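Novice: Once you've had a glance at the structure underneath, I'll fire off some questions.
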Amino acid sequence: MALIYNRNTRRLRLTSLAVVLLLATSRQTFPRGSNHVLFVSSSPADDNNMARKQRGATAHGSSKTADNGDGGHAEHFSLLLESSDDEAPEEVTFEDSKTQALRSMKDALDTVRREKEQLKEKRRRRQELFQEQKKRRLLPADVLEEIDSSSFAKKQKPSDDKAEEQQQEEDDEEEEERGKTQKKRSGKLAHARNLKGNYTVATVKERSSATFQQQVAQDFIQSRLYGPGSCRTTNNELLSLQNKKGRNQSAAVQFVKKDWEMAKKKTTTTTTTWFRIYGSNFIRDDKKFVSS
Amino acid sequence: MGEFTVHRVRFFDYMPSAIRAMAFNPRTERLAVARADGAVEIFNFADNYFQEKVIPGRDGGTVEALCWVGPRLFGAGLNGAITEYDLENLRPRYSVEAYGGPIWTVSGDSAGTMLAVGCEDGTVKMFEILDETIRFQRNLERQKGRIISLSWHPSGALIAAGMIDMIRIFDAETGRATHRLLVERGAGASKSREVVVWSVVFLSDHTIVSGDSAGKVQFWDGHTGTLVRTHLVTKWDVLALAVSQDESSVVAGTSESIVVQFQFISSTVGRQDNEWVRTRTFKNHSHDVRALVHTETAVVSGGMDTQLVVRPLLDKVEKNTQESSLRKIAFPHRSLVCCAKKAGLLLFQFPEHLELWRLGESEGHGRAGDSLPVKRKPEKLIHLKRKGDDHIRCSAVSPCGGWLVYATVSGVRLYRIQHDNNNIGVTKVSKLPKSLCSAHQLCFSSDSSKLFAASGLSSVVVVALDPLECKHLHTLRPKSGSRQPVHLLCVSDDGKWLASANTDCEVHVYNLKKMKLHCKVPVYSSCPTAIGINPVTSNLVTVHADQQVFEFSLQQKEYTEWSRRLQQRGLHPVWLQRDTPVAHITFNPRNPAHIVLHDVFMLCIIDQSLPLPEARTPLLNQMMLRSLPEAERSRQSHAFKICKSFQHLLSMTLLDDQSLVAVERPLLDIVSQLPAPVRQKKFAT
């Protein structure tokens with residue numbers, strides 16, 4: 001077994017064939033500046049034993065090793081032998097090399113299997129997470145049962161309920177926004193039930209294929225006029241350009257936030273002015289009488 | 001004389017809908033306009049472009065094309081059905097499914113016997129127009145793409161259909177497609193994008209004019225199927241085409257908000273080699289122009305900026321007259337705001353819901369033009385969503401603020417409002433009389449005991465109000481038997497008189513104590529746009545679409561002395577040149593000689609005790625009078641006192657506590673919420 005550390009690429013290479021060179025222990029030393037450092041895993045005494053084993057099994061071993069893709073190993077072998085040409089090649093027993101090869105294959109299989117298991121584990125964990133999230137979103141089972149039983153009773157008035165639901169939601173929205181005044185929805189429908197939270201469940205009108213086609217057609221127009229490639233700008237820019245090019249040049253029309261309109265409406269609403277008419281005293285207005 | 005606190009209300013989020021399609025009927029001079037929410041409006045071009053009728057739309061009902069066949073109006077939309085509109089009851093009369101998927105275009109032939117619709121599945125379907133209905137006749141040869149636009153040849157034998165990437169010419173007799181005209185795609189990046197032929201027009205000399213999404217207007221020869229001339233008009237789409245009656249002028253509307261005119265003239269004077277030459281460009285819009293109509297004297301355009309623009313062509317009308325001025329109709333000609341005078345509440349009508357607001361309060365006095373501090377902010381009391389799919393047609397709130405009613409095409413709903421200290425309760429009145437099935441106009445009596453609803457055949461239904469069950473009291477019918485709908489209703493403060501005006505220009509007055517017709521005001525040629533009954537003198541004041549003002553005495557059943565004087569003198573020319581109609585008339589209970597009226601751009605108080613203005617003197621003399629000393633002022637002032645500080649006015653009422661409520665909707669707020677316009681690169685910006 002040998003580990004070869006390449007100083008240039010800083011990589012450690014494990015040679016599967018135990019070509020042990022007694023370079024560490026031999027008189028021949030590596031020339032200076034060589035990029036290979038050889039770490040010999042076995043002690044010199046073991047080497048002798050190995051050599052003896054190898055000598056003993058060379059008869060069928062070497063042929064076997066010769067058959068088993070010796071080319072690659074031979075390469076290693078020849079590279080490593082650059083520094084010591086006159087030394088006889090070390091003999092490796094067939095069993096050793098076989099065990100090495102088998103071990104390495106097993107290791108490779110093991111890593112592959114381990115990776116697969118890791119992936120499976122990861123997938124399983126994600127699936128569980130999704131299930132949990134889905135469970136959280138759905139209503140609890142007893143609520144669903146109640147809905148199921150009441151939905152049969154409510155089949156006569158599906159549309160009303162849907163409208164009721166919308167109104168309920170709308171009202172709830174409104175109530176949240178304006179907390180001061182209370183409002184009640186008129187016409188409490190007999191079949192509507194208030195379940196947990198702000199929901200009213202109702203059967204929904206069936207969507208026919210006609211609405212689907214209508215949606216497709218509307219999408220077509222929308223994409224042709226406002227879709228990609230239509231070079232549209234914003235109303236803000238349009239108004240700003242008008243300001244810039246107008247007679248009285250003024251600043252750009254700037255909407256601070258997207259919902260500026262809504263915010264503005266909530267805060268400033270009316271201003272009361274006091275004005276007089278007794279044939280005069282109106283606020284001056286430069287606009288022409290005929291609409292411009 | 002008059003000092004008022006004015007509540008300037010800007011929290012009415014009125015948002016008009018984009019114009020999608022238009023159709024003009026030259027014989028009756030009516031323009032039908034279809035909006036994006038499905039509403040159809042009828043404008044009377046002969047009567048100062050007054051918006052006579054509005055048919056409300058419904059959820060999911062879009063109108064893609066309109067078509068007049070004689071006096072009948074047909075529309076078709078993406079829901080796949082052809083609808084005929086009942087213009088007397090202001091509702092869809094019936095709908096016929098075309099079974100071809102969404103319908104993109106509808107067109108009638110010049111004989112008025114056949115109706116062709118272009119459908120999503122690639123078929124052109126022919127319908128036979130019968131007296132009471134339309135009936136499917138046959139399909140023309142089915143094509144592989146959707147049919148976007150259609151045009152009949154004036155002879156009725158050929159139909160040109162614009163599709164994607166091509167135009168097909170069909171033979172109407174056999175139904176086969178004879179020619180295929182291939183439309184070139186745009187250059188550069190748009191080569192990969194299919195070109196949509198948005199509009200085609202078939203002229204009588206077999207020239208086909210087409211406008212497509214690559215921005216070209218192309219002239220084709222219909223006999224051979226070849227391209228004669230191409231004009232690249234814009235970088236964006238050409239969305240609409242319209243041809244004049246005599247086929248000498250074609251206008252094209254684009255996404256770039258310009259309208260381009262082509263005329264069939266010769267390039268040199270005197271020679272006879274006429275060809276189609278691009279002449280004028282009109283830039284009257286800010287967003288896409290989606291609908292165009294070419295009348296004899298004007299080009300009418302409408303689009304995504306929701307304004308209807310009428311541009312008279314200066315070679316057809318005399319210059320510098322009232323006729324030749326540009327008209328922009330941006331706001332509806334009827335009131336969408338109802339005010340509860342005693343309670344200080346405002347009701348805003350939206351197509352899908354109603355909002356009830358309480359006005360804020362301020363304190364203190366100030367000089368003219370001052371802004372007073374607001375002590376209590378206005379608050380929204382009720383947000384009521386309508387039931388069902390139909391949009392709200394009209395609504396009203398009672399003066400005491402205790403009752404709320406709205407009507408759609410399918411029914412009327414009445415609600416009782418209870419005010420506790422800080423709580424508002426709304427309960428629906430479930431039992432309504434059967435005669436109250438649909439209403440064109442709604443009005444409460446001033447003591448909130450009766451509800452008046454204008455229904456079919458110009459009749460008015462009187463209903464007694466009761467929280468549990470409302471009973472039908474009486475149906476007031478006019479003698480003339482007119483079938484036109486009532487668009488104005490007004491009741492006097494003492495509860496004695498009720499006046500109704502219909503679109504046939506008739507004004508009827510009913511005596512509510514005796515519950516019968518009292519008299520009919522002499523018919524004037526123009527439609528009344530606002531009526532009001534003076535609480536003290538019981539005179540009926542009417543203002544018409546041509547800006548004429550009349551005062552009719554109900555006791556004597558004749559025009560009053562003041563009215564005759566006004567007619568003799570004639571109204572001031574500046575008054576007559578106003579282009580928006582007066583939408584509301586109200587009176588000052590403390591001073592019976594005052595008539596308060598408003599239109600979109602001005603508020604006017606007519607003082608009947610002052611002399612009438614001369615034609616030579618300026619009408620808007622308020623600024624001048626302010627600068628004069630007291631003695632001079634009384635000599636120079638005249639009856640019409642006009643204030644233009646509030647714009648654009650949607651409603652103006654006078655409350656019982658002598659304060660004015662002005663509901664304004666600045667155009668800037670509307671423009672900022674429109675869909676995106678195209679990006680135009682202008683020099684030096």
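The values are calculated or read from the model by the stated rules, or taken from the named source; none is laboratory data. Fair warning: this is a prediction, and the values are worked out from it, not measured in the lab. Cβ coordinates were reconstructed from backbone atoms using ideal geometry, including for glycine residues, and neighbour counts include every protein chain displayed.
Novice: Pick from B:ILE595, B:ILE605, B:ILE642, B:ILE585: which is under 30 Å from B:LYS341 (Cα atoms), more than 14 Å from every other protein chain (Cβ to nearest Cβ) and of a type in the set (Val, Ile, Thr)?
Specialist: Among B:ILE595, B:ILE605, B:ILE642, B:ILE585, only B:ILE585 is under 30 Å from B:LYS341 (Cα atoms), more than 14 Å from every other protein chain (Cβ to nearest Cβ) and of a type in the set (Val, Ile, Thr).
Novice: Among (1) at the interface with chain A (Cβ under 9 Å from one of its Cβ atoms); (2) at pLDDT 90 or above, which single condition is B:LEU354 missing?
Specialist: (1)
Novice: To continue, here is another question. Could you pull out the residue among B:GLN658, B:GLN647 that is of a type outside the set (D, E, K, R) and at the interface with another protein chain (Cβ under 10 Å from one of its Cβ atoms)?
Specialist: The match here is B:GLN647.
Novice: With the requirement that a residue be surrounded by 21 or more Cβ atoms within 10 Å (Cβ to Cβ) and not in a loop (DSSP other than H, G, I, E, B), what does region B:25-40 give you?
Specialist: Selection gives B:ARG30, B:LEU31, B:ALA32, B:VAL33, B:ALA34, B:ARG35, B:VAL40.
Novice: Still on this structure, I have one more. Give the residue, chosen from B:GLU664, B:GLU630, B:GLU614, that is within 30 Å of A:LYS244 (Cβ to Cβ) and more than 9 Å from chain A (Cβ to nearest Cβ).
Specialist: None of the others qualify; the one that does is B:GLU664.
Residue-wise test of (1) more than 12 Å from chain A (Cβ to nearest Cβ); (2) not aromatic (Phe, Trp, Tyr).
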| site | (1), (2) |
| --- | --- |
| B:VAL6 | no, yes |
| B:ASP13 | no, yes |
| B:ALA18 | no, yes |
| B:PHE24 | yes, no |
| B:ARG27 | yes, yes |
| B:ALA34 | yes, yes |
| B:ILE42 | yes, yes |
| B:PHE50 | yes, no |
| B:PRO56 | yes, yes |
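Novice: Same structure, new question: Going through region B:231-252 one residue at a time, which ones are away from chain A (no Cβ under 13 Å), in contact (Cβ under 8 Å) with a residue 40 or more places away in the chain and either surrounded by 17 or more Cβ atoms within 10 Å (Cβ to Cβ) or more than 22 Å from B:LEU308 (Cβ to Cβ) (or both)?
Specialist: Result: B:HIS231, B:VAL233, B:LEU241, B:ALA242, B:VAL243, B:SER244, B:GLU247, B:SER249, B:VAL250, B:VAL251, B:ALA252.
Novice: Right, another one. Condition (residue is at pLDDT below 90 and either among the acidic types (Asp, Glu) or over 26 Å from B:HIS487 (Cβ atoms) (or both)) applied to region B:297-305: is it met by at least one residue?
Specialist: no
Novice: Give me the residue from region B:557-590 that is of a type in the set (S, T, N, Q) and over 20 Å from B:ALA501 (Cβ atoms) and, out of that set, surrounded by the most Cβ atoms within 10 Å (Cβ to Cβ).
Specialist: Restricting to residues being of a type in the set (S, T, N, Q) and over 20 Å from B:ALA501 (Cβ atoms), the top hit is B:ASN588.
Novice: Shifting gears a bit: Quickly run through region B:651-669 and pick out the residues that are aliphatic (A, V, I, L, M), within 14 Å of B:ASP13 (Cβ to Cβ) and surrounded by fewer than 22 Cβ atoms within 10 Å (Cβ to Cβ).
Specialist: Correct list: B:LEU667, B:LEU668.
Novice: Further, regarding this structure: Would you be able to tell me the number of residues in region B:531-559 that are of a type in the set (Asp, Glu) and assigned to a loop (DSSP other than H, G, I, E, B)?
Specialist: 1
Novice: Next question. Taking region B:147-191 as the region of interest, how many residues are basic (Lys, Arg) and under 22 Å from B:VAL106 (Cβ atoms)?
Specialist: 2
Novice: How many of the residues in region B:96-113 are modelled with pLDDT of 90 or more, surrounded by 20 or more Cβ atoms within 10 Å (Cβ to Cβ), of a type outside the set (Ser, Thr, Tyr) and over 16 Å from A:GLN218 (Cβ atoms)?
Specialist: The total comes to 4.
Novice: Same structure again: Among the residues of region B:281-293 satisfying the criterion of being touching a residue at least 60 places away in the same chain (Cβ under 8 Å) and part of a strand (DSSP E or B), which is nearest to B:TYR49 (Cα to Cα)?
Specialist: Restricting to residues being touching a residue at least 60 places away in the same chain (Cβ under 8 Å) and part of a strand (DSSP E or B), the top hit is B:VAL293.
Novice: Got a number for residues in region B:265-280 being over 16 Å from B:VAL299 (Cβ atoms) and part of a strand (DSSP E or B)?
Specialist: Final tally of qualifying residues: 6.
Novice: Quick check on region B:100-114. Is at least one of its residues within 14 Å of chain A (Cβ to nearest Cβ), touching a residue at least 12 places away in the same chain (Cβ under 8 Å) and within 20 Å of B:ILE392 (Cβ to Cβ)?
Specialist: no
Novice: Taking region B:322-358, which residues are assigned to a loop (DSSP other than H, G, I, E, B) and over 24 Å from the mean Cα position of the chain (by Cα)?
Specialist: Hits for region B:322-358 are B:LYS341, B:LYS342, B:ALA343, B:GLY344.
Novice: Can you tell me which residue among B:THR586, B:THR580 is farther than 17 Å from B:GLU506 by Cβ and assigned to a loop (DSSP other than H, G, I, E, B)?
Specialist: B:THR580
Novice: Out of the residues in region B:368-386 meeting the condition of being surrounded by fewer than 16 Cβ atoms within 10 Å (Cβ to Cβ) and more than 7 Å from every other protein chain (Cβ to nearest Cβ), tell me which one is nearest to B:ASN423 (Cα to Cα).
Specialist: B:ARG376
Novice: Cβ contacts < 7 Å: first residue crowded, with 16+ Cβ neighbours inside 10 Å, restricted to region B:465-479; second residue part of a strand (DSSP E or B) and of a type in the set (Asp, Glu), any location; separation 6+ or different chain. Result?
Specialist: none
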